[in-house]
Amino acid sequence: MAIEIELKYLLSSNYKDSKIVVDNISTMLKAKNTTFTLSKMQLNNDYFDNSHLALRKMDIGLRIREFDQKYEQTIKTAGKVEGCLHQRPEYNVVIKSNHLDIRLFPKHIWPECVEVMALQQSLRVIFKTNFFRHTWIITQENSIIELAFDRGEIFTSEENEILVINELEIELVSGDEQELFSLANQLMEVVEIKPGKLSKAARGYALYDKRESSK
């Protein structure tokens, strides 16, 4: 189990070309003599719940992520959001295929009343988030930070409506939490951003609710 600590910012809709964002950020980091590596990856994510939204009622987010022909299932449990700072316990399990098995997560994360196998059988994909991620691994002072630029889409399994993903996430890998804010201030010099209070999962659930209420 790890505690995910990150800042989330939404990029201005003025940015139609990902290359401009990537170039602006990389140029800024180089100008400040910041050590970093840059990579790009497609991430496809299926989010699960049942018809009663049992996981959301427990404040649990559950997904399978596909990347580089690999799969990982993740649970995020109740955390807190203060402004654009998000903190949540996170559990990750590498799996062999796009087949969910919640028995692989630690037993203690479930409330005592939950029958894990019954819950497993009731779960289905209720929305998806697919996006390209540019990732900078940054060494700043004595901290390591993962800066992610995500651009893509959120949609329900029936794909009735699409929400755009166009955001930056600044996650602490190790070191001082304050370095996240320091990097955010530097980013504000080169890209137009505003605090993002909703996670991709929260936006996905809102889209799912909208679809269900329109039936």
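Could you sort Met41, Met1 by accessible area so the largest value comes first, with the probe set to 1.4 Å?
Working: Met41 65, Met1 145 Å².
Sorted descending by solvent-accessible area, the residues read Met1, Met41.
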From the C-alpha gyration tensor of the range 1-74, square roots of 5λ in Å: 32, 16, 15
Within-15-Å neighbourhood charge of Val93 [Cβ basis; K, R +1; D, E -1]: +2
³J(HN,Hα) computed for each position of the range 180-187 - Karplus, 6.51 cos²θ - 1.76 cosθ + 1.60, integer Hz, glycine/proline x: 4, 5, 4, 5, 4, 4, 5, 5
Protein-only accessible surface order, largest first, of His86, His52 at 1.4 Å: His52, His86
Convex hull (Cα only) mean projected area of the range 172-215, reported in nm² to one decimal: 4.5 nm²
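Can you tell me the mean projection area, over all orientations, of the convex hull of the chain's alpha carbons? Units nm², please. Mind showing how you got there, number by number?
Values: hull surface 50.3 nm².
Averaged projected hull area, Cα only: 12.6 nm².
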Compactness index (Cα Rg / 2.2 N^0.38 Å), the range 134-215: 1.37
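So what is the calculated 222 nm ellipticity per residue for the chain, using -39500 (n - 2.57) for each DSSP H run with n of 4 or more, over all residues, to the nearest 500 deg cm²/dmol?
The helix-only estimate for the chain comes to -6500 deg cm²/dmol at 222 nm.
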Cα-centre dipole for the chain with unit charges at Cβ (Lys and Arg positive, Asp and Glu negative), debye to 20: 440 debye
J(HN,Hα) series, the range 7-24, from Karplus relation 6.51 cos²θ - 1.76 cosθ + 1.60, nearest Hz, glycine and proline x: 9, 10, 10, 9, 7, 4, 5, 5, 8, 8, 10, 4, 4, 4, 5, 4, 5, 4
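The values are calculated or read from the model by the stated rules, or taken from the named source; none is laboratory data. All figures in this text were calculated on a predicted structure; none of them were measured in a lab. Note that we place each Cβ from the backbone using ideal geometry, even for glycine, and neighbour counts take in every protein chain shown. Surface areas here come from the heavy atoms of the whole protein model, side chains and all, with no ligands, DNA or RNA. Shrake-Rupley method; radii C 1.70, N 1.55, O 1.52, S 1.80 Å.
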